[in-house]
Amino acid sequence: MLAHVLSCAVIGLDGVIIDIEVDFGQGLPHMAIVGLPDEAVKESRERVYSAIKNANLAYPRKPITVNLAPASVRKEGPSFDLPIAVGVLIAGEQITQEEIEGALVVGELSLDGSVRHVRGVLAIAATARQEGFKRLYVPAADAAEAALIPDLEVIPIGSLAELYAHLTGEQPILPAQTIPVALSDPPTAQTDFSEIKGQEHVKRALEVAAAGGHNVLMSGPPGAGKTLLARAITSILPPLSLEEALEVTKIYSISDMLPSDTPLMRLRPFRAPHHTISHAGLVGGGNMPHPGEISLAHRGVLFLDELPEFGQRILEVLRQPIEDKRVTISRANGTLTFPANFMLIGAMNPCPCGYYGDTQKQCTCSPGAITTYQKRISGPLLDRIDMLIHVPRVEYQKLSSARLGESSADIRQRVIKARERQAKRFAGTELFSNADMTPAEVRQYCVLDAASQALMQVAMRQMQLTARGYHRVLKLARTIADLADCEAITQVHLAEALQYRAKEFEF
């Protein structure tokens, strides 16, 4: 008999329902899989045969045709093993079609019949609920992840034999239960701001950046603490909301980077790729495009240390994601869009030797070498960075002092309060922070009084701000006002925002 089993393919961040048809023919035993499968899907023939045999079930000695519809969608990966095996059992009349009606099945089979983990289960579960399915059969290792989606019965499958016993009623499997996760748990094992000596103005700048989701570029001599400060920013970032956590979890699930004991991402990502990273590694790509580092940093931090050392093509490709908060990858077989709403934290030396402008060590670079080095960061990219911060050498008195600075926990509380103000302000919209505002929201929420307008007019002329720079200054001023718990932007808030746009180091 002809069998139908429904499964799901992951394309980008979304799922596509796949109808797996299994039919028997006449002739010598073999299995043919059609419907644009990749090599991993074709290899299902051997895994399905061994799994059915080792589960003490009957494998039909007939020619078997497996069609994966729609044929226009390319199928990849081993997640179709389990639904193909179920289709073979239905076609062989060992179980009935009705027992699998209204359900979605995914899973990779081992030769002994056990069911292995597959990637993208959260996206598959979200698609199942969206398409009206009430039940989802997934590997037991992925059940907790799938159960994050409400109103969906998730059945954890440990082996093909267990699934057979469940479908025939011999030994039903209980649905997976979701364990509530506390998203507000403070981050652990992070560098605390209190341990960083000196650099008070840089700490203040990073607090503003964390409160509004702004991009930062730090410049200073080697050993001034740029990398340490960048890594410490994760200790003051606000907790993920449930919506943000599900977005981040879906990306890591599809990338197969979700820890086995962490069904839901609870901390904001911090990605720090090396400057030798490829274009596809940063942006995403492949025959079937997968997320790159900028998408893995979604709702978190993308830290680029030694920024001028990155290739020119790599740096310029950041311009569109920084502006649009997403990245689009085009291939011959289609176009995919991945989210990329991240905070960019860059760190660089002011020159090749690192000591241009240093108070104690003389720079050995020629003026031409300094200019060439700094020009590796183009004007259009620099214009998209909200805050330009000079990080000077730390003096001995501060380094040797036993006095601790303000703790990350205290700074984080101010950041959380500022984000709460923004959440109320942007309720009912897709905006999460001040950095996400478009010119329309800037006009509505960043109104300046007469004194502030006069200051802004002078700053526009003297600092030669572009229209983009003008809007970024207003967003910064809005964040500074939120940290001060002020509804209106005052001249003081605007003056601090302008100081972060001032080019203390030449470019």
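The values are calculated or read from the model by the stated rules, or taken from the named source; none is laboratory data. No experiment lies behind these values; they were computed from the predicted model shown. So basically every Cβ, Gly included, is an ideal-geometry build from the backbone, and we count neighbours across all protein chains shown. In case anyone asks, the SASA skips ligands and DNA or RNA and just uses the protein heavy atoms, side chains included. Shrake-Rupley method; radii C 1.70, N 1.55, O 1.52, S 1.80 Å.
Details
- Coupling constants for the stretch 223-228 follow from the phi torsions by the Karplus curve (6.51 cos²θ - 1.76 cosθ + 1.60, θ = phi - 60°), and in residue order they are x, 7, x, 5, 5, 4 Hz; glycine and proline get x.
- Residue pairs, from the table LYS226/LYS417; LYS53/LYS75; LYS203/LYS424; LYS42/LYS75; LYS325/LYS417; LYS226/LYS325, whose Cα atoms sit over 19 Å apart: LYS226/LYS417; LYS53/LYS75; LYS203/LYS424; LYS325/LYS417; LYS226/LYS325
- The Cα center of the stretch 350-424 and the Cα center of the stretch 438-507 differ in position by 20 Å.
- Shape category assigned to the chain from the gyration tensor of Cα positions, a/c cut at 1.5: prolate
- Built amide H within the under 5 Å cut-off of CYS351, gap 5+: TYR356
- For HIS275, solvent-accessible area (1.4 Å; no DNA, RNA or ligand), Å²: 60
- Unit charges on C-beta of K, R, D, E only; dipole of the chain, Debye: 1800
- DSSP-defined antiparallel bridges as percent of all bridges, the stretch 236-338, nearest 5: 80
- Packing-based ranking of 135-141, 454-460 yields 135-141, 454-460, ordered from highest to lowest mean Cβ neighbour count within 10 Å.
- The stretch 217-352: C-alpha gyration tensor shape, a/c 1.5 cut-off, then a/b vs b/c: oblate
- Anisotropy class of the stretch 214-297 from Cα gyration tensor, a/c 1.5 cut: oblate
- Proximal aspartates and glutamates relative to LYS197, as straight alpha-carbon distance under 14 Å, when same-chain residues fewer than 8 apart are discounted: GLU395, GLU406
- 5 angstrom amide H check on ILE11, placed H, neighbours 5+ away: VAL16
- Extending 7 Å from Cα along the Cβ direction at THR96 and again at ILE277 yields two label points whose distance is 5.4 nm.
- Among LEU36, LEU82, LEU431, the order of accessible area from largest down is LEU36, LEU431, LEU82, computed with a 1.4 Å probe on protein heavy atoms.
- Peptides 242-252, 17-27 ranked from most to least packed give 242-252, 17-27, packing being the mean of other C-beta atoms within 10 angstrom over each peptide's residues.
- Seen from LEU431, the other residues with C-beta closer than 9 Å to its C-beta sum to a net charge of -2, counting Lys and Arg as +1 and Asp and Glu as -1.
- Helical content of the chain, expressed as a calculated mean residue ellipticity at 222 nm, amounts to -10000 deg cm²/dmol (DSSP H runs of 4 or more residues, -39,500 (n - 2.57) each, divided by residue number, nearest 500).
- Average Cα contact separation per residue, the chain, under 8 Å, 6 or more apart, as relative contact order %: 13
- Estimated FRET transfer efficiency (THR335, ALA71; beta-carbon r; R0 35 Å; 0.05): 0.95
- Restricting attention to the chain, close to 45% of DSSP beta bridges with both partner residues there are antiparallel.
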